[in-house]
Structure formats: structure tokens, C-alpha cells
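The values are calculated or read from the model by the stated rules, or taken from the named source; none is laboratory data. Small disclaimer: the values here were computed from a predicted structure and weren't measured. So basically every Cβ, Gly included, is an ideal-geometry build from the backbone, and we count neighbours across all protein chains shown.
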Amino acid sequence: MSSKSGSTLEPNIFKDYFFERAKQVVGAAEAPKRFVAITDPGSSLEKMALTEGFRHVFHGEPRIGGRYSVLSDFGMVPAAAIGIDPQAFLESTAEMVRSCAASAPPLRTRA
């Protein structure tokens, strides 16, 4: 489950749905171990995840706005979970950051 504040309606609805499904499949004691939370420190989601026994809580960086958080735990944890190599991803990202820097010369195209 991912939410900076932990109080966003849609992620909470998804959590409730999938948590109940997990309980049906693996039982109430095992279900929380199948979930992780990605949230800012001290959020209501962090408190809930710790209370319910989630497998792990990953902390976001509170100074990064949600729409800019792809290179934080909010983007990197799900990417790793689906099999994206974090090191390779960050290396290609670094290349793009250099290419987009103000000091990078513009690409010349032929007319």
C-alpha cells in the first residue's frame, strides 16, 4: 500500500479490498505478512501498518511531493517488486538527468 499521508481514500479502499482477499486465501494471521506500506514517517498509514503487522514500512521523503517521488521509495519499491533492477534503472536515470541539465548542449538536427 502506498500513500504519503495514509488518509487518501482510493489507496485505503484498495487496501481494504485486497487485505480481505488475502485473508480469505492465506488466513487472517498470514495476510498482514503479505503487505508492505510506503508512506511518510508518522502518517496514519504507518501507524495502521505497524498495528496490523505489515511485513515492512518503507518511508518516503516528506519534502518530495507525491508527483515527483518516482525516484524515492514510492517509485523504487514497486519497481523492484515487479522485477526492475533498481541499479540499472537509476543508472539510466542519471544519464537522463545529465542530458537534461542546463549545461547540456542542445541536440542539433538536420533540416
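A count restricted to the range 1-32 and to residues that are part of a helix (DSSP H, G or I) and in contact with a Ser or Thr (Cβ under 7 Å, 6 or more places away or on another chain) stands at 1. Ala94 - would you say it is touching a helix residue (DSSP H, G or I) at 6+ places or on another chain (Cβ under 6 Å) and either surrounded by 11 or more Cβ atoms within 10 Å (Cβ to Cβ) or assigned to a helix (DSSP H, G or I) (or both)? Against the criterion (touching a helix residue (DSSP H, G or I) at 6+ places or on another chain (Cβ under 6 Å) and either surrounded by 11 or more Cβ atoms within 10 Å (Cβ to Cβ) or assigned to a helix (DSSP H, G or I) (or both)), Ala94 does not qualify.
Restricting attention to the range 50-79, which residues are within 22 Å of Ala31 (Cβ to Cβ) and either part of a helix (DSSP H, G or I) or hydroxyl-bearing (Ser, Thr, Tyr) (or both)?
Those that are within 22 Å of Ala31 (Cβ to Cβ) and either part of a helix (DSSP H, G or I) or hydroxyl-bearing (Ser, Thr, Tyr) (or both): Leu50, Thr51, Glu52, Val77, Pro78.
Scanning the range 53-64 for residues that are under 15 Å from Ile38 (Cβ atoms) and not β-branched (Val, Ile, Thr) yields Phe54, Arg55, His56, Phe58, His59, Gly60, Glu61, Pro62.
Output the residue which, of all residues in the range 15-31 that are exposed (fewer than 14 other Cβ atoms within 10 Å of the Cβ) and not small (Gly, Ala, Ser), is nearest to Phe54 (Cα to Cα).
Going through the qualifying residues, I end up with Glu30.
For the range 33-49, a residue qualifies if it is within 13 Å of Ser2 (Cα to Cα) and part of a loop (DSSP other than H, G, I, E, B), and the qualifying residues are Phe35, Asp40, Pro41, Ser43. When Leu9, Leu50 are checked against the criterion of being among the aliphatic types (A, V, I, L, M), modelled with pLDDT under 95 and surrounded by fewer than 16 Cβ atoms within 10 Å (Cβ to Cβ), Leu9 stands alone in meeting it. Selection within the range 97-111: residues that are of a type in the set (D, E, K, R) and part of a loop (DSSP other than H, G, I, E, B). The member of this set that is surrounded by the most Cβ atoms within 10 Å (Cβ to Cβ) is Arg108.
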